[in-house]
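Here the structure comes first, spelled out in structure tokens, and everything after it is commentary.
The values are calculated or read from the model by the stated rules, or taken from the named source; none is laboratory data. Since the model is a prediction, treat every value here as computed from it, not as a measurement. Cβ atoms come from the backbone with ideal geometry, glycine included; neighbour counts cover every protein chain shown.
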Amino acid sequence: MMAKAASDDRGADSSRDARRGGLATALTMVPAVSVALLPKITCPACWPAYAALASALGLGAVNYGPYLLPLTVGGLALAWAGLAFRAKRRRGYGPLALGVVGGVVMMVGKFAYGSQAAMYGGIAFLLGASIWNVWPKQRPRPCPACVPTGTEGE
């Protein structure tokens, strides 16, 4: 009789563990599924399909205005961090300075004045800073008089 009660307790514990294991397994799949969907989510060609799906679900009327400023600031901070990362080894701080000016012009133009021209001008500065930052440096060519032509003493 005692053995049966002990096995029933173990059965209850194992079913509880199985439920926890199922939840843990499901939670461990979330990062994998997110990474698998990331290229699809960030693909600009897929955005109209996502917008159509969201509109069909009634999400087209969601007010995104309160989130626009914080998301823009976050994206701008990422852009500036990318321009600042190893700036000294690449092109110096010129692209970062141009990116900061572009970001400020973009933010002031968009959120303070509502100026489309200023916003797009700031975006153009940011784009120019990014291209300038990744453009490969040309290696300095040595002076022909400094290049050894052969070994002496042979």
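Would you check if there is a residue in region 93-102 being β-branched (V, I, T) and at pLDDT 80 or above?
Narrowing region 93-102 to residues β-branched (V, I, T): 100-101.
Going one step further and asking which of them are at pLDDT 80 or above, we end up with 100-101.
Yes, some residue in region 93-102 is β-branched (V, I, T) and at pLDDT 80 or above.
Could you say which residue among P70, P48 is at pLDDT below 80 and within 21 Å of the chain's Cα centre (by Cα)?
On the way: P70 fails: at pLDDT below 80.
From the options P70, P48, the qualifying one is P48.
Could you say which residue among R86, R90 is at positive phi, modelled with pLDDT under 90 and not in a helix (DSSP H, G or I)? Give the steps one after another, and end with the answer.
Details: R90 fails: at positive phi.
Step by step, each of R86, R90 is checked, and only R86 is at positive phi, modelled with pLDDT under 90 and not in a helix (DSSP H, G or I).
Give the residues of region 102-141 that are more than 23 Å from the chain's Cα centre (by Cα) and loosely packed, with under 13 Cβ neighbours inside 10 Å, sorted by residue number.
Passing the criteria: A112, Y113, G114, Q116, A117, K137, Q138, R139, P140, R141.
Okay, residues lined up against (1) assigned to a helix (DSSP H, G or I); (2) in contact (Cβ under 8 Å) with a residue 40 or more places away in the chain:
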site: A79; (1), (2): yes, yes
site: G99; (1), (2): yes, no
site: M119; (1), (2): yes, no
site: G128; (1), (2): yes, no
site: N133; (1), (2): yes, yes
site: R141; (1), (2): no, no
site: C146; (1), (2): no, no
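What about K110, is it modelled with pLDDT under 75, in a helix (DSSP H, G or I) and basic (K, R)? Break it down into steps so the answer makes sense when it comes.
Values: modelled with pLDDT under 75: no; in a helix (DSSP H, G or I): yes; basic (K, R): yes.
So K110 fails the test.
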